[in-house]
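The values are calculated or read from the model by the stated rules, or taken from the named source; none is laboratory data. Since this is a predicted model, take the numbers as computed values, not measurements. Every residue, glycine as well, gets a Cβ built from its backbone with ideal geometry; the counts of neighbours run over all protein chains shown.
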Amino acid sequence: MKHRIMNGTEDKLFAILFRSYTSLEKKIQQRISEISQPICTKCTSRCCKEEICRESIESNFLSILIKDQQIRYDPQNGWISPLGCGLSYGRPLVCYEFFCEQIEGSNKFQTSNMQQAVKEFVAIGSKAHGNAHLICVDNLGLISAGKIARINDRIGRLMAKLANAINIEGQGRCFSHSKSR
């Protein structure tokens, strides 16, 4: 049943999860945009395809995240506009896992260690219920309160790590060194 969560305590846990996941996703997007925007604005090809966007409306979790955004899904273009993706959050995970060769080869991408941050972001929702990723669970009510709490904890740790990485980058060091310092 789409957009149905639960009642009571579990609703509150999911509200916290949605807020924390959204905050983390926005932070990841911001970092990726800082790295990719100079490359993407000069690019003449389009990496994004409607069939990739479709996952966001087929996933119960992602569709809940995007329902309040004032944007319409286009059956031909998905969320893609002339300015890029129109979603502020709730993007399919592949949007974070794929980087073209130009972006991957850029010094800014390599020194940011963004790929590691994205791997951690994607892993946060793994095994939310059985072997299913959070964005693939059709009935969110099946996810235990303990699992929700663990996912929220992982989100918090990655948010702290990203904040620390931004501070360290400002001092001339990169994300990968943030663990040891």
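Hey, can you tell me all the residues within segment 50-99 that are of a type in the set (D, E, K, R), more than 20 Å from V118 (Cα to Cα) and outside any helix (DSSP H, G or I)?
Selection gives K67, D68, R72, D74.
Here's a check for you: in segment 49-89, which residue that is under 18 Å from L24 (Cβ atoms) and free of Cβ contacts under 8 Å to residues at least 24 places away in the same chain is surrounded by the most Cβ atoms within 10 Å (Cβ to Cβ)?
By that ranking, first place goes to Q69.
Among (1) assigned to a loop (DSSP other than H, G, I, E, B); (2) free of Cβ contacts under 8 Å to residues at least 40 places away in the same chain; (3) surrounded by 12 or more Cβ atoms within 10 Å (Cβ to Cβ); (4) touching a helix residue (DSSP H, G or I) at 6+ places or on another chain (Cβ under 9 Å), which single condition is Q115 missing?
Answer for Q115: the failing condition is (1).
One residue is enough: does segment 110-133 have a residue meeting the conditions modelled with pLDDT under 90 and at positive phi?
Looking through segment 110-133, at least one residue is modelled with pLDDT under 90 and at positive phi.
Kindly provide the set of residues from segment 90-106 that are of a type outside the set (S, T, N, Q) and touching a residue at least 12 places away in the same chain (Cβ under 8 Å), ordered by number.
G90, R91, P92, L93, V94, C95, Y96, E97, F98, F99, C100, I103
From the list C100, C53, C43, C47, which residue is more than 21 Å from I151 (Cα to Cα), in contact with a Pro (Cβ under 8 Å, 6 or more places away or on another chain) and not β-branched (V, I, T)?
The match here is C53.
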